[in-house]
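Laboratory data are not the source of any read-out in this text; all were calculated from the coordinates shown. Small disclaimer: the values here were computed from a predicted structure and weren't measured.
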Amino acid sequence: MKFKLLAALTLLTPLFFTNPVKAENPIHVKQLLSTGTCFQCDLSGANLRGAHLIGADLREANLENADLTEANLEGADLKGANLEAANLTSAFATNVNFQEANLDEVNFTLAKIYDSNVYGASMSDLNISDAEIYETGIGIGGDDAQLQPWD
């Protein structure tokens, strides 16, 4: 009996001492959804699925691993934001400022990205399967791509 108790404690002990997964700041999520402004906010891992973020100020915000599936980001300012591994499946991103943003590993599957600024953005391992991309410096190519800043 003591052996079973010791074995159970050995297996369960790591569960008591694990750090919780870092998630969004709920105050920042509320601020974004009510005001459309969230400069330097922590929205990492936030569920913003289907959110209407038209013209939102998300400069330098942390949106790492955020779910922006089917979100409307038309005219949003994401300059310097961290969107690493964010899910933008079927998102609408027209006239979005992604300048100097971290777009590494972003899922843009089925997204509509039109006339957006990606000058200076980090874009390794993007998933752009079936995305519609027009007048935006995102595509399949090599080191010869030249991105120009937004005027």
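Multiply the residue separation of Lys30 and Asp115 by 0.36 nm, subtract the distance between their alpha-carbon atoms, and state the gained length in nm to one decimal.
Roughly 27.7 nm would be gained on extension.
For the stretch 26-151, what is the per residue volume of the convex hull drawn over the alpha-carbon atoms, in cubic angstrom?
On the way: hull volume 10.0 nm³, N = 126.
In the stretch 26-151, the Cα hull volume divided by residue count equals 79 Å³.
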